[in-house]
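Below is one structure, written out as structure tokens; the observations come after it.
Every number in this text was worked out from the coordinates using simple rules, so none of it is lab data. Because the structure is a prediction, the values reported are computed rather than measured. Cβ sites come from the backbone with ideal geometry, for glycine too, and all protein chains shown count toward neighbours.
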Amino acid sequence: MKLDKASQELADRRYAEKLAARAEGRTPVEITAPAMPLGDSPADIQARYLAKLASHGKQPQGPAAAAEPKPEGDASGAKGPYDDLTRAQLAELAKERGLEGTGSFNRAKLIEALTSTEPKPEGDASGA
């Protein structure tokens, strides 16, 4: 981030004071960062990041993904059959079902692949 002229002069002056104090054997003056300009709060930065991702048709990953509500599932909050399984468990299930090429899939892609290949329930309700 580029500072305006006044902020840069203040930062230079504080740095010079710190160096002078060290040279004289004194404890340096406490240096604090200048306040963030308005509109640059972490929430604002994250909002711009998410908007830019959306404009490129991409989904957030990492901490930004955790902050975003998940679009998957229905609005009632019902969980799918794979939501409580780890990636390793999903990969093992894909292997058991004979799905190939899933080794590099992330958890979401594994769930998608497993969901698309789920055996359809038969009309048999006897359970025997």
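The length gained on full extension between Gln46 and Ser104, counted as 0.36 nm times the residue separation minus their Cα-Cα distance, comes to 18.1 nm. Give the shape of region 78-118 as rounded, prolate or oblate, defined through the alpha-carbon gyration tensor: a ≥ b ≥ c are the square roots of its eigenvalues, a/c under 1.5 means rounded, and otherwise the shape is prolate if a/b is larger than b/c and oblate if not. Prolate.
Only one residue of Gln89, Thr115, Ser104 has its Cα farthest out toward the positive end of the dipole of region 78-118, where Lys and Arg carry +1 and Asp and Glu -1 on Cβ, and that residue is Ser104. For the peptides 46-54, 89-97, residues were scored by their other Cβ atoms within 10 Å and the scores averaged per peptide; the highest-first order is 89-97, 46-54. When +1 charges are put on Lys and Arg Cβ atoms and -1 charges on Asp and Glu Cβ atoms, the dipole computed for region 78-118 relative to its Cα centre reaches about 120 debye.
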